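The values are calculated or read from the model by the stated rules, or taken from the named source; none is laboratory data. Nothing here was measured: the structure is a model prediction, and the numbers come from that model. Cβ atoms come from the backbone with ideal geometry, glycine included; neighbour counts cover every protein chain shown. For the accessible areas, the whole protein counts, side chains as well, though only heavy atoms, and no ligand, DNA or RNA atoms are used. Shrake-Rupley method; radii C 1.70, N 1.55, O 1.52, S 1.80 Å.
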Amino acid sequence: MIRTRFAPSPTGFLHIGGVRTALFSFLYARRQQGEFLLRIEDTDRERSKPEFEKDILNALQWLGLRWDHDVLYQSRRLGHYLELARDLVGRGLAYEEVNEGRTAVKFRMPKTEIVFQDAVREEVRFDTALFDDLVIIKSDGFPTFMFACAVDDHDMEITHVIRGEDHLSNTPRQILLFQAFGWKPPQYAHLPLILGSDGTPLSKRHGAVALTAYREESFLPEALLNYLALLGWSGESNQELYRLEELVKKFSLKRITKSGARFDREKLEWVNMQHIKNLAEPDYLAKMTAALENESKQFDPEVWKRLVLLYRPRIKTFKDLLNQANYCFNEIGPYDREQINRFFTDERLKSCLEKWAENAKGLPSFGDIAQLEAMTRNVADDQKVEAKILIHPLRFALTGLTASPGLFDLMSVLGKEVCLKRVGQFLESAPAK
Ligand code: GLU
């Protein structure tokens with residue numbers, strides 16, 4: 001049976017690269033009807049923190065990357081590592097080194113050549129003559145990452161170790177540890193580095209790297225997984241949009257690329273946008289309302305529904321609605337002078353808008369979109385102007401923007417009172433004659 005694992009060190013928040021590693025390990029295991037395990041590598045006593053561990057577990061759950069069996073914590077197995085280290089010492093393969101009264105254990109590095117077949121990088125060779133002896137137990141009694149990781153990959157019967165390329169040079173050392181115990185090493189697959197827009201390894205300099213930042217921005221978990229799957233992997237067709245179940249069906253180690261994969265925020269936004277469009281309507285409404293819980297309360301439920309459906313094809317994330325439709329949530333600032341002057345060069349505008357306001361006042365409410373449109377068009381007809389002479393300035397008066405979704409829909413979202421107030425303000429801003 002295929003068994004993979006994700007083995008994060010809880011020394012920081014789960015980042016984009018970690019999620020991709022977890023995802024590929026998850027996909028490979030699920031593809032083969034195998035198991036995906038989770039191991040917390042908390043042997044760095046100073047840097048491991050419970051809040052990071054919590055963040056990692058929460059994030060995986062939120063993403064829907066479910067692991068099998070109980071989580072294994074290395075810090076709960078210290079005796080086991082010590083015992084194995086003693087065994088190596090007993091057989092002369094490791095030795096104790098006393099430093100200021102404290103004892104560490106070091107693995108004696110054999111001088112040899114290690115050759116292994118990496119599922120991504122193919123044949124990889126290392127000359128271990130260049131390697132120093134390896135600390136396996138630190139003087140605080142804790143194992144090093146290198147040692148505990150190899151021991152646990154064996155104990156957990158991991159068949160495939162899928163991890164970032166930054167671990168490539170650890171592999172020959174870990175293979176030597178496997179050999180020292182007479183264990184069979186797993187198959188390794190080293191994933192290409194994730195790069196930022198400038199081609200250097202992705203880091204905070206390039207923008208947010210913590211998964212929680214994307215979660216807070218209201219990206220959909222399924223969109224993040226979809227996008228991250230494309231960072232270093234591609235399917236056989238040029239399909240770019242996948243649900244998790246589809247990725248499970250199509251994933252293979254063979255189609256992982258060797259070269260670095262560029263993280264492209266715009267592409268991620270595009271993928272998220274497509275996933276938003278594909279949600280069933282009730283699901284979309286529920287998720288949008290949850291993402292903007294407080295803001296949604298400013299609106300009557302029917303009006304809120306109208307607003308969020310109006311923007312569904314346009315938003316990159318749920319919270320992007322706050323930027324794109326800012327005028328629905330907040331007062332609009334002073335109008336852009338240049339635009340104002342441009343609109344009012346048309347002599348007829350002022351009287352058209354006054355007429356529009358007069359007719360608008362006569363409507364009982366702004367709930368009927370067809371009625372708003374008919375009313376507006378009638379005003380234009382009566383004033384003997386083309387409808388656009390009225391529509392563009394109205395849009396600008398109501399939103400402060402020159403582009404928006406359907407004008408009459410958004411009139412009904414803003415409601416009679418706000419619309420009349422804004423048209424009034426717009427008229428007041430008209431340049432003096
Ligand atoms: N704990 C290591 C890390 O977080 C992972 C090691 C591995 O996957 O083998 O980088």
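Worth pointing out:
- Residue in the stretch 224-241 that is open to solvent by less than 30 Å² (accessible area, probe 1.4 Å), over 30 Å from Asp133 (Cβ atoms) and within 15 Å of the ligand (Cβ to nearest atom) present: no
Each row is one residue, and each column tells you yes or no for (1) touching a Leu at 6+ places or on another chain (Cβ under 6 Å); (2) within 26 Å of Leu57 (Cα to Cα).
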site: Gly141; (1), (2): no, no
site: Asp153; (1), (2): no, yes
site: Leu176; (1), (2): no, no
site: Ala180; (1), (2): yes, no
site: Trp183; (1), (2): no, no
site: Ser197; (1), (2): no, no
site: Thr200; (1), (2): no, no
site: Ala210; (1), (2): no, yes
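- A count restricted to the stretch 210-266 and to residues that are of a type in the set (Lys, Arg) and either closer than 26 Å to Arg312 by Cβ or in contact with a helix residue (DSSP H, G or I) (Cβ under 6 Å, 6 or more places away or on another chain) (or both) stands at 3.
- Taking the criterion of being away from the ligand (no atom under 11 Å from the Cβ), assigned to a helix (DSSP H, G or I) and closer than 20 Å to Tyr73 by Cβ, the residues of the stretch 150-179 that qualify are Val151, His154, Asp155.
- Apart from one condition, Leu202 fits all of (1) more than 14 Å from the ligand (Cβ to nearest atom); (2) under 21 Å from Asp44 (Cβ atoms); (3) not charged (D, E, K, R); the exception is (2).
- Exactly one residue among Leu23, Leu37 is touching a His at 6+ places or on another chain (Cβ under 7 Å), among the aliphatic types (A, V, I, L, M), more than 9 Å from the ligand (Cβ to nearest atom) and on the phi < 0 side of the Ramachandran plot, and that residue is Leu37.
- Residue in the stretch 4-15 that is over 30 Å from Met109 (Cβ atoms) and away from the ligand (no atom under 15 Å from the Cβ) present: no
- Residue ID - surrounded by the most Cβ atoms within 10 Å (Cβ to Cβ), chosen from residues in the stretch 180-191 that are touching a residue at least 60 places away in the same chain (Cβ under 8 Å) and away from the ligand (no atom under 15 Å from the Cβ): Ala180
- Of all residues in the stretch 131-147, exactly one satisfies the criterion of being within 11 Å of the ligand (Cβ to nearest atom) and more than 13 Å from Phe107 (Cα to Cα), namely Phe145.
- Residue among Gly424, Gly415 that alone is on the phi > 0 side of the Ramachandran plot and open to solvent by less than 30 Å² (accessible area, probe 1.4 Å): Gly415
- All positions within the stretch 264-288 that are more than 18 Å from Arg243 (Cα to Cα) and open to solvent by 20 Å² or more (accessible area, probe 1.4 Å): Asp264, Arg265, Glu266, Pro282, Leu285, Ala286
Here is a yes/no grid of residues against (1) in contact (Cβ under 8 Å) with a residue 40 or more places away in the chain; (2) open to solvent by 70 Å² or more (accessible area, probe 1.4 Å):
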site: Asn323; (1), (2): no, yes
site: Cys328; (1), (2): yes, no
site: Glu338; (1), (2): no, yes
site: Phe343; (1), (2): yes, no
site: Gly362; (1), (2): no, no
